[in-house]
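Shown next, in structure tokens, is the structure this report addresses.
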Amino acid sequence: MRNETKDVFFDVKALSEDGTFEGYAATFNNIDFYDDTIEPGAFTKTIGERTPALLWQHNREDVIGTVEELREDSKGLYVKARLLKDGVAKAAEAYALIKAKAVSGLSIGYISIKWEYEKNAKAKYGELRRLKEVDLREISLVTFPADLNAGVTRVKSIAEMDIREIEETLRDADFSRKEAKALISRCKELQRDVGGAEEQGAAEIKRVAEGIINILKGA
């Protein structure tokens, strides 16, 4: 299992003087750029077991506050949190950036536990992944463009991509389906070889995929 992230736009007007803010860290039943959708109830188990960390830009070393309330409602995953701006330098920086509307995103860091694939005409590539249960690890404040038409999207590095997403990236770079499938065959072999060694697997896939792209682009 691998770590994934998903970002949403949120209302910065909810920020108060003591660093408390409210928003939705995830919304339900939206199809994102990578053809994922989160179903209601996906966070129920996690909410009952633990309180996720509040981080800055998904950096585990930058804990910037506390999550004070977390619940699912009809819209999505509602969160109320407080930035410890009087005692944590990075939290004070985050507070200033949010207030200036330079930062306007909430993001979740999670591991997919249960999901199903289905054919769906609304999905960009014709197949939708329904996330039915996720292990929520952290909620982050992230830099995110204030594009209200963007909907829910995922932002991830190539190291975090799965094979399907690497193929999509290559095709977006104007490689044919045949070329993309051939180029990621080595990535599939590496993924099988490393088995459960998640960090090593991500590093190897990143190295090979970036090398392939650089070679074919003439870098």
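Does Asn30 count as within 15 Å of the chain's Cα centre (by Cα) and farther than 23 Å from Asn120 by Cβ? For Asn30, the condition - within 15 Å of the chain's Cα centre (by Cα) and farther than 23 Å from Asn120 by Cβ - is not met. Scanning region 40-54 for residues that are open to solvent by less than 10 Å² (accessible area, probe 1.4 Å) and either among the β-branched types (Val, Ile, Thr) or part of a strand (DSSP E or B) (or both) yields Thr46, Leu54.
Residues are listed down the side, and each one gets a yes or a no for (1) touching an Asp or Glu at 6+ places or on another chain (Cβ under 9 Å); (2) among the polar types (S, T, N, Q):
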{"residue": "Glu17", "(1), (2)": "no, no"}
{"residue": "Tyr34", "(1), (2)": "yes, no"}
{"residue": "Pro52", "(1), (2)": "yes, no"}
{"residue": "Gln57", "(1), (2)": "no, yes"}
{"residue": "Ser74", "(1), (2)": "no, yes"}
{"residue": "Lys80", "(1), (2)": "yes, no"}
{"residue": "Leu83", "(1), (2)": "yes, no"}
{"residue": "Leu97", "(1), (2)": "no, no"}
{"residue": "Ala102", "(1), (2)": "no, no"}
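So which pairs qualify, if the first residue must be in region 93-106 and touching a residue at least 24 places away in the same chain (Cβ under 8 Å) and within 10 Å of Leu15 (Cα to Cα), the second must be open to solvent by less than 10 Å² (accessible area, probe 1.4 Å) and in a strand (DSSP E or B), the Cβ gap must be under 6 Å, and the two must be at least 6 apart or on different chains? Cβ pairs passing all conditions: Tyr95/Leu83. Consider Thr37 carefully, then state whether it is assigned to a loop (DSSP other than H, G, I, E, B) and β-branched (Val, Ile, Thr). Criteria not met by Thr37.
Looking across Ala173, Ala96, Ala150, Ala146, one residue alone is more than 15 Å from Glu4 (Cβ to Cβ) and modelled with pLDDT of 70 or more. It is Ala96.
Taken over region 114-128, the residue count meeting the criterion of being touching a residue at least 40 places away in the same chain (Cβ under 8 Å) and surrounded by 15 or more Cβ atoms within 10 Å (Cβ to Cβ) is 3. Of all the numbered requirements in (1) within 19 Å of Thr27 (Cβ to Cβ); (2) touching a helix residue (DSSP H, G or I) at 6+ places or on another chain (Cβ under 6 Å), Ser140 misses one, and that requirement is (2).
For the residues Gly87, Gly65, the requirement of being under 18 Å from Ser16 (Cα atoms) and at pLDDT below 95 singles out Gly87.
The values are calculated or read from the model by the stated rules, or taken from the named source; none is laboratory data. Please read these numbers as outputs of a predicted model, since none were measured by experiment. Cβ: placed from backbone, ideal geometry, glycine included. Neighbour counts: every protein chain shown. Just the protein is used for accessible areas: all its heavy atoms, side chains included, with ligands, DNA and RNA removed. Shrake-Rupley method; radii C 1.70, N 1.55, O 1.52, S 1.80 Å.
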